[in-house]
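No value in this document is a laboratory result; all are computed from the given coordinates. Fair warning: this is a prediction, and the values are worked out from it, not measured in the lab. Cβ coordinates were reconstructed from backbone atoms using ideal geometry, including for glycine residues, and neighbour counts include every protein chain displayed.
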Amino acid sequence: MPFEETNPIDLREFTVGVKFMLLQPLISNLTLRRAIAGDGNWAAPLLFSICPALFSYIFASTSEQAQDVLQQAFVYPGHAFSYEHTCVIEIQGQPVGLMIGYPAVIKRQADEKVHGVMARITPLRKLPRILINVADFNRIKQDISSEDYYLLGVGILPEFRNQGLGTYLLAQVEAQAQAADCQAICLDITYINSCGRRFFERNGYCITLSKTTDRFEQFTRSGGIHRMAKYLI
């Protein structure tokens, strides 16, 4: 599993050869660490904010309810939205952002565990609609190659944005992917998230496929899903 330790990560391993002009004054105060279950109170809302319409659709819930579901799910180990696959960036001990991702083989295992977690924390009456929405989303999302690394999301708290931290976290994602011998990093982003798309494009990602369904458009008002990728070799 990519984030199996709880010790801080030595940032010096990742700074060589990487230019972060806005980040330089902060670099001595940064800590990158694996998340723990206790991070859920702030990390789950930040993760939800990356794509609220998509999480609400998958959980067949209002925005407030979906955020609550994600927060409950975050503390369970092993699945795709778990703290175990999350890395936290701190400034002087204060959490300011996160990233969550995994190599393909771990993603498949983590995806399979989501259903069991959802069955534990969601009302039975919602399960049929959740299954319908998940099946619809599965028609949109693309499988990833066994040699890919999947990035579920990168998020920075609003008051710490525009300081190079998002770009810095993407560099850590790339380091994780290379350490796992992955050939590419891929992610999914909604049509309407043009700001996020431009951010990834500036960092070397490009759209490889775009897809939607009538149901997804109607219920999320997000248009559809772009698959973006960055090739490492």
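A few remarks follow.
- Taking amide H as placed 1.01 Å from N in the peptide plane, Ala184 has its amide H under 5 Å from the amide H of Tyr149, Leu232, each at least 5 places away in sequence or on another chain.
- When trypsin sites (Lys or Arg not before Pro) are flagged only if DSSP places them in a loop and at most 15 other Cβ atoms lie within 10 Å, the longest unflagged stretch of the chain comes out as 20-140.
- Top of Leu70, Leu98, Leu30 by mean-square fluctuation, Gaussian network on the chain, Cα under 10 Å: Leu30
- Relative contact order, whole percent, for segment 100-182 stands at 49, derived from Cα pairs under 8 Å and 6 or more residues apart.
- Whole-angstrom gap from segment 156-233 to segment 129-145, using each part's C-alpha centre: 18
- Lysine pairs with alpha-carbon atoms under 24 Å apart, segment 12-231, spacing 8 or more or separate chains: 10
- Local electrostatic count at Phe199 - Lys and Arg +1, Asp and Glu -1, tallied over other residues with Cβ under 15 Å: +2
- Inter-probe distance in nm under a simple model that places probes 7 Å from Cα toward Cβ, at Ser194 and Leu124: 4.7
- Computed [θ] at 222 nm, helices only, for the chain once each DSSP H run of length n ≥ 4 contributes -39500 (n - 2.57): -12500 deg cm²/dmol
- The mean sequence distance of close C-alpha pairs (under 8 Å, at least 6 residues apart), as a share of the length of segment 12-231, puts its relative contact order at 20 percent.
- Listed residues Ala44, Tyr102, Thr190: farthest to the positive end of the dipole of the chain (Cβ charges): Thr190
- When +1 charges are put on Lys and Arg Cβ atoms and -1 charges on Asp and Glu Cβ atoms, the dipole computed for the chain relative to its Cα centre reaches about 600 debye.
- Degrees between helix 104-121 axis and first principal axis of the chain (Cα, 0 to 90, nearest 10): 50
- Per-residue Cβ neighbour rank within 10 angstrom, fewest leading, Asp39, Asp136, Asp143: Asp143, Asp136, Asp39
- Across the options Ala53, Tyr76, Leu32, the greatest Cα extent toward the positive end of the charge dipole of segment 12-231 (unit charges at beta carbon of Lys, Arg, Asp, Glu) belongs to Ala53.
- DSSP bridge pairs, segment 12-231: antiparallel proportion in percent, nearest 5: 90
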